[in-house]
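Heads up, the thing below is written out as structure tokens.
The values are calculated or read from the model by the stated rules, or taken from the named source; none is laboratory data. Everything quoted here is computed from the prediction, not taken from an experiment. Please note: Cβ atoms are built from the backbone with ideal geometry, for glycine as well, and neighbour counts cover all protein chains shown. With ligands, DNA and RNA removed, areas are computed over all heavy atoms of the protein, side chains included. Shrake-Rupley method; radii C 1.70, N 1.55, O 1.52, S 1.80 Å.
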Amino acid sequence: SAKEHGRNMYQVYDHSMNKRNYQSFILERDLRKAIRQNEFIAYLQPKVDALTGKVISAEALIRWKHPQLGLVSPRDFIPMAEETGLIIPLGKWMKREVCKQLVKWREEGTPIIPISVNISSRRFLQKEFSQEIRHLLEEFQLEGKWLEIEITENSIMRNEENVLHTLRELKDLGVKIYIDDFGTGYSSFNYLKTFNLDGVKIDRSFIQNISSESENASITTAMIKMAQHLKLEVIAEGVETKEELDYLIEQNCHYIQGFYFGKPCSMEEFKTKYLRYSTEFPLENLL
Ligand code: C2E
Ligand code: MG
Ligand code: MG
Ligand code: MG
């Protein structure tokens, strides 16, 4: 691939383009091609109620199956996709993929759970967003409760008119809305009482080493208390260890997503692991 890029470089490189621009150029070009050639797959990661052991939902996470590089993490291409607007077709693809899978599972008699998709603020802030969701649910004949939405704090800080409209429409459809990476974005929590949200996902940076780092512990405890006071569901992201899990349960937060219960995996694998006849975890994984 380096060779190929090297060859193409003769055609595209001009001396005003520095290395960084050149790499962006290549990434954007490859991304466009990848969309045309359908090189993406959706992984799923379980969210578990640690008190009952039930898988309550899954998060859909995009992967790029790059012909030379293998699986590419979204952290390496989502920013570029957002910058170029390619996030719109990518997001469309992802939502359809999730709906398709839910319908397929339902038709074959697999017990289904809600699946959440990450929505870029760029898309969320567009007027037509809730319409896209409405049409999608109609097309696939799915109830809104099967599709959940994760947005970041900065999505709902701007353009309040559209946001209110969109959130109302989604509520009408029965689609739940979660604030992702909770605590890392905007410095005011005012939006929590302005908007009718369903839950928050506490960012992994607060969860890490929560039992030994007292700052993380206090912040997380405060966030859990505040969210629960506002009647919001609280999900902890990035839980990797038993210590972190124990601490969270002690603080009354038992909806857990993280490597401790399961890494993101293909939809096939997700089905065999978590959706067979019961969605319950073996008890030794729990308390
Ligand atoms: P996110 O929405 O906050 O997703 C959670 C990320 O944390 C995922 O990374 C997941 O694999 C990772 N994670 C979960 N549990 C653990 C853990 O215990 N330890 C560690 N170290 N990591 C854990 P991933 O899949 O690389 O995705 C990164 C970000 O890319 C996502 O963060 C999301 O912001 C974005 N993203 C992924 N898929 C999509 C998509 O379809 N659309 C959009 N707009 N963004 C996406
Ligand atoms: Mg997310
Ligand atoms: Mg997150
Ligand atoms: Mg994120």
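Candidates GLY70, GLY53: the one that is more than 11 Å from ligand 1 (Cβ to nearest atom), of a type outside the set (A, V, I, L, M) and out of contact with any helix residue (DSSP H, G or I) (no Cβ under 9 Å at 6 or more places or on another chain) is GLY70. Among the residues of the range 232-273, the one identified as surrounded by fewer than 19 Cβ atoms within 10 Å (Cβ to Cβ), hydrophobic (A, V, I, L, M, F, W, C) and near ligand 1 (Cβ under 9 Å from one of its atoms) is PHE259. Restricting attention to the range 14-36, the residues that are in contact (Cβ under 8 Å) with a residue 24 or more places away in the chain and either open to solvent by 90 Å² or more (accessible area, probe 1.4 Å) or in contact with a Leu (Cβ under 7 Å, 6 or more places away or on another chain) (or both) add up to 3.
Scanning the range 92-114 for residues that are in a loop (DSSP other than H, G, I, E, B) and more than 16 Å from VAL55 (Cβ to Cβ) yields a single hit, GLY109.
Beta carbons closer than 8 Å, at least 6 apart along the sequence or on distinct chains, pair a first residue in the range 133-155 that is without any contact (Cβ under 8 Å) to a residue 60 or more places away in the chain with a second that is open to solvent by 80 Å² or more (accessible area, probe 1.4 Å) and away from ligand 1 (no atom under 13 Å from the Cβ) for LEU137/GLU143; PHE140/LYS100; GLU153/TYR186; ASN154/TYR186. If the condition is being touching a residue at least 60 places away in the same chain (Cβ under 8 Å), farther than 17 Å from PHE259 by Cβ, among the hydrophobic types (A, V, I, L, M, F, W, C) and assigned to a loop (DSSP other than H, G, I, E, B), then the range 37-79 contributes LEU51, LEU69. Report yes if some residue within the range 253-260 is under 23 Å from the mean Cα position of the chain (by Cα) and in a helix (DSSP H, G or I); otherwise report no. Looking through the range 253-260, none of the residues is under 23 Å from the mean Cα position of the chain (by Cα) and in a helix (DSSP H, G or I). Here the range 59-68 is the region considered, the condition is being open to solvent by less than 20 Å² (accessible area, probe 1.4 Å) and away from ligand 4 (no atom under 16 Å from the Cβ), and the residue that is farthest from GLU250 (Cα to Cα) is HIS66.
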